1. How many residues does segment 43-63 contain that are open to solvent by 70 Å² or more (accessible area, probe 1.4 Å), without any contact (Cβ under 8 Å) to a residue 24 or more places away in the chain and of a type in the set (D, E, K, R)?
2. Which pairs have Cβ atoms under 6 Å, sit 6 or more apart or on different chains, and link a residue in segment 320-334 that is touching a residue at least 24 places away in the same chain (Cβ under 8 Å) and under 10 Å from residue 285 (Cα atoms) to one that is open to solvent by less than 30 Å² (accessible area, probe 1.4 Å) and assigned to a helix (DSSP H, G or I)?
3. Kindly establish whether residue 499 is modelled with pLDDT of 80 or more, under 29 Å from residue 563 (Cα atoms) and open to solvent by 40 Å² or more (accessible area, probe 1.4 Å).
4. Limited to segment 30-42, what total is found for residues that are outside any helix (DSSP H, G or I) and surrounded by fewer than 14 Cβ atoms within 10 Å (Cβ to Cβ)?
5. Within segment 64-107, which residues are without any contact (Cβ under 8 Å) to a residue 12 or more places away in the chain and in a loop (DSSP other than H, G, I, E, B)?
6. Just one of the numbered conditions (1) part of a helix (DSSP H, G or I); (2) touching a residue at least 40 places away in the same chain (Cβ under 8 Å) is not true of residue 632; which one?
7. Any residue that is at pLDDT below 75 and open to solvent by 30 Å² or more (accessible area, probe 1.4 Å) - is there at least one of those in segment 409-426?
8. Within segment 110-133, identify whether any single residue is part of a helix (DSSP H, G or I), of a type in the set (A, V, I, L, M) and crowded, with 19+ Cβ neighbours inside 10 Å, and answer yes or no.
Amino acid sequence: MQVNERMNLIDEFIHANASIITSSVVRRQRIIAIDPFKIDQKYKELVESFENDPMNTYTLLNNALRSFIKSMNLTDEYEAYSITFMPRATISIHELKKYINKYVAIKGLVTRQTAPSLLARNIHYICAQCGFDFNVSYQFFSSVGSERCPNCKSRNLTIDVEGSQFDQIIKYQVTESGLDVSAQSVDVIVKSPLPFNMIKPGDKVIVGGIPMVDVVDIKGLARKGVMNVKPHLIAVYFNVENKAETIEEAPLPPGNLRELAVASFAPHIVGREYLSVKLSLLAAMVSSDPLELPNSLIQGDDIYQRGRIHVLMIGDPGVGKSELLRFANVVFPRSVYASGKGASGVGLTASVTKDSDGQRVLAAGVMVLADQGLAIIDEFDKMDRDDRSAMHDAMEQGKIHIAKANIVADLNARATVIAAGNPVFGRWLQNRSLQENIDIPPALLSRFDLTWVLVDSPNPDRDKSKIVSFNVTPPMDIKQLRSYIMKARSYKPVLRRELIESVASQWVDMRTAAFAKGGMLTLRSLYSILRIAVALAKLDFSQEVTNAHINDAMDMFKRSAKQLGMIDDATIDEMQLVGLPSNVREKALAIFDVLHDLQESSDDYRNNGVPRAVWVAEVLNQLPNIKQDEAYNLISRMEKIGLIYQPHLMRYKTVGDTAF
């Protein structure tokens, strides 16, 4: 297409989209993006010209746009608006070298951002030799400084800054994935008039732009013709994607879904001591929305508290903490896994560093990259103290404030934290206090809603059950469990005022008793109980938080608090927590007691387990209210949640002496 033909087509295109342009200016929408799939067929050639010769077409298109806005008197800030086409498809970052000077789009995560800098647009030169002055216009990243004086051919030129024009630019780093260490990244240049405040580190974006190259000398080998071509992308379009992951819905098995989900979460890790831990991790995964609490003290207004549930596991080496974290990382669609001091090059939150060009760069850490997802942190005890202290605001407010080196930013860090670490002495010492066992400041520890202490104590039955658990098929596969979690996240259960008042009353009594015996409960623990109750309602696909959810949340919190010595006593029914109804629990406990009595009646049963036929026959003899099919169903359910196991085929033993 000839230049004149292209200009005429562009003018016609601008006037054909006058209504879109006018409404965008009224809404102060600075980037006017036209969908190429929805335009008239006669403008398809213009789209192809934009894709194949984007430099010139983009310039002509935007000159026409600004002339139109100015002629229509829509705004005096016509220079601040730009028009572009939405990309028709995206490519991977490693393919950029194939599309130099073409219009393409990439998808990725913003991980870094530089401070604003200036780019020459029109430079006014004055010749120091003869005094002649002249102007030179530059497009995008043309080289500045190679000009000669048109009058005397001298290179001795000075720049008149006041008579020159510059554009502001910001450089972002976009990475294909925040999780894969082999994922490629590219520098994305955003130039005014495109707005700078639309994207920031942690955002998942689609960027449309023009790939250009920097030639990099590899260790002085350029003289031999060995150079590396490093592409960067000049952005002309970008869009922040919705961070809510869409997961293909999988059919869920029949039955109590909360119970089945607990049995399916890291099924190779068994034992009744893990039931509350697994349930708390599921609760953390479905917690997302701000917790809305009616406040009767402030004229009926609402108070908003964070809805995210943070969970910490502290315990002996080899108890499965890392396995639980890795399973959570696999099953949850948006998560960032960090371990020890290698959390990221910038720590857990964000920092300002210098890049290879000496520019100040705002780099996102784990909490920012995991915004609206899971920040999974292993070896939490080995993190730098500065990193851990920086998490205070991020965990409570969901924001990170940066004001360094001319970079001022508020970054979203609405991540749910699931962390694990080892005690100070390597193992949990029962004769030491909480502060002696955990090297975590109390202010940070209080931000975790649930903290679990996992102790590796010898137990032959439990140890054997862990060995045979590798052959157990979980009731939900990974796809079903992921679908269940994402569906549960979509529920918004209502928390009624009377339930909140009931929890507050119980919490006051618990806090008073704790202080009387040297324990400690802060106000945050009250909100933790409410958050847990809402999450349990979500796990049950309930539209309303019920008394049962409140009781389960209270019991779960008590169990955690008792382990930490925050309260003195708490007797928790583990089978209740995973969602078994009271009538089912009573029958399960009765069957459990029959098995326990049988295995204590002979050395064969004690060592090799009780045959299922013998066990069921004794159940039917002792418990006439339980039918045979019901007994088999209860045996299967108890095995799934780790209360019993099979040391040999169809022979059963209890894990421990009691079911809770």
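1. Total satisfying the criteria: 1.
2. 328/281; 331/481; 332/285
3. Criteria not met by residue 499.
4. 2
5. 73, 76, 77
6. Checking residue 632 against (1) part of a helix (DSSP H, G or I); (2) touching a residue at least 40 places away in the same chain (Cβ under 8 Å), the one that fails is (2).
7. no
8. no
The values are calculated or read from the model by the stated rules, or taken from the named source; none is laboratory data. Just so it is clear, the structure is predicted and the values come from calculations on it, not from any experiment. Cβ coordinates were reconstructed from backbone atoms using ideal geometry, including for glycine residues, and neighbour counts include every protein chain displayed. Only protein heavy atoms, including side chains, enter the accessible area calculation; ligands, DNA and RNA are left aside. Shrake-Rupley method; radii C 1.70, N 1.55, O 1.52, S 1.80 Å.
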